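First the structure, in the form of structure tokens, and then the observations on it.
The values are calculated or read from the model by the stated rules, or taken from the named source; none is laboratory data. Quantities reported herein were computed from a predicted structural model and do not represent experimental measurements. Please note: Cβ atoms are built from the backbone with ideal geometry, for glycine as well, and neighbour counts cover all protein chains shown.
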Amino acid sequence: MRSLLFVPGDSERKLAKALGSRADALILDLEDSVSSDKKEGARKTVRSAIHEVRQKKTRPRIFVRVNPLDSGLLEGDLDEVAPARPDGIMLPKARGGQDVMQLSTKLAVREAENDLPDGEIAILPIATESAAALFNMGSYAGASRRLCALTWGAEDLSADVGASTNRLTDGTYADPYRLARALALFAATAAEVAPIDTVFVNFRDMAGLEFECAAARRDGFTGKLAIHPDQVATINEAFTPSAEAIARARAIIAAFAANPGAGVLGLDGEMIDRPHIKRAQRLLEAAKAAGVE
């Protein structure tokens, strides 16, 4: 998943527009973008949207951002949307692997009640929305086979610590949020799931989005959250391997295949070793997922 687009769960108009965005995944939101008096109606709208999207021959993956475990709203969210068979649940305010295990149990019950395949609904936690959560980042590895990816958030985290802003005057993240970003990247890698970069909130600043996408791709993230359909094309382009990168990856793999006993090889004037193979394989997997292999 390169692009994951948030869509307010109470807006049929925005849901329809999002379907034309070419996002790899839609995140139908029942949490922050829906006021408390509209939660019940949003659940029904989201359930209907899931049914509609699942009928399409080609479609984005569908995630539902539910309300947090301790909100008192999660059970109602799951009761309404789980029978519709979303591809996954995004868990906000996640505090660690224990929360993923708890949600997994709740999903297993609903899958059994609705005769759905066990483990069908995946989990994507937002892992850095509180200061306490940062001390549990290593706990996601092995937490659940439902864990499909992991992302991070800076907006709720800055509110939790009482910061006036989470960015510097040049637009880059301040140190506390750079730490959260790095921990999310490492936590996802340790858990062997996709690391997804957080949103870029200024949806009119395409140059800033391009810069942030390039940095995320460089560092190892495989996709990015979006808050507006106009951001999707930029994100997809940034996280789609180029023809040159694909050719380079194939050349690395071919070089070691031709020299199976070698630990280090020279290729086009550069020394390459075994970690280069791993990076090349991951790039080719990303290219295949993007349909450009």
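Being part of a helix (DSSP H, G or I), of a type outside the set (Ser, Thr, Tyr), surrounded by 20 or more Cβ atoms within 10 Å (Cβ to Cβ) and in the same structural domain as ILE196 (by TED's automatic domain parsing) narrows it down to one residue among ALA42, ALA16; which is it?
Every option except ALA42 fails the conditions.
So if I check each of PRO92, PRO86, which one is within 22 Å of ILE235 (Cβ to Cβ), of a type outside the set (Gly, Ala, Ser) and in contact with an Asp or Glu (Cβ under 6 Å, 6 or more places away or on another chain)?
Being within 22 Å of ILE235 (Cβ to Cβ), of a type outside the set (Gly, Ala, Ser) and in contact with an Asp or Glu (Cβ under 6 Å, 6 or more places away or on another chain) holds for just one of PRO92, PRO86, which is PRO92.
Return the only residue of ALA216, ALA163 being free of Cβ contacts under 8 Å to residues at least 24 places away in the same chain and over 16 Å from the mean Cα position of the chain (by Cα).
The match here is ALA163.
Would you tally the residues in region 79-91 being under 13 Å from the mean Cα position of the chain (by Cα), crowded, with 22+ Cβ neighbours inside 10 Å and not β-branched (Val, Ile, Thr)?
3
Restricting region 94-113 to residues that are under 21 Å from the mean Cα position of the chain (by Cα) and hydrophobic (A, V, I, L, M, F, W, C), which is surrounded by the most Cβ atoms within 10 Å (Cβ to Cβ)?
Out of the qualifying residues, it is ALA94.
If the requirement is being touching a residue at least 40 places away in the same chain (Cβ under 8 Å), over 16 Å from ALA190 (Cβ atoms) and assigned by TED's automatic domain parsing to the domain that holds LEU28, which of these qualifies: MET137, MET90?
MET90
Has region 266-274 got any residue that is part of a loop (DSSP other than H, G, I, E, B), surrounded by fewer than 19 Cβ atoms within 10 Å (Cβ to Cβ) and not assigned by TED's automatic domain parsing to the domain that holds ILE126?
Checked region 266-274: at least one residue is part of a loop (DSSP other than H, G, I, E, B), surrounded by fewer than 19 Cβ atoms within 10 Å (Cβ to Cβ) and not assigned by TED's automatic domain parsing to the domain that holds ILE126.
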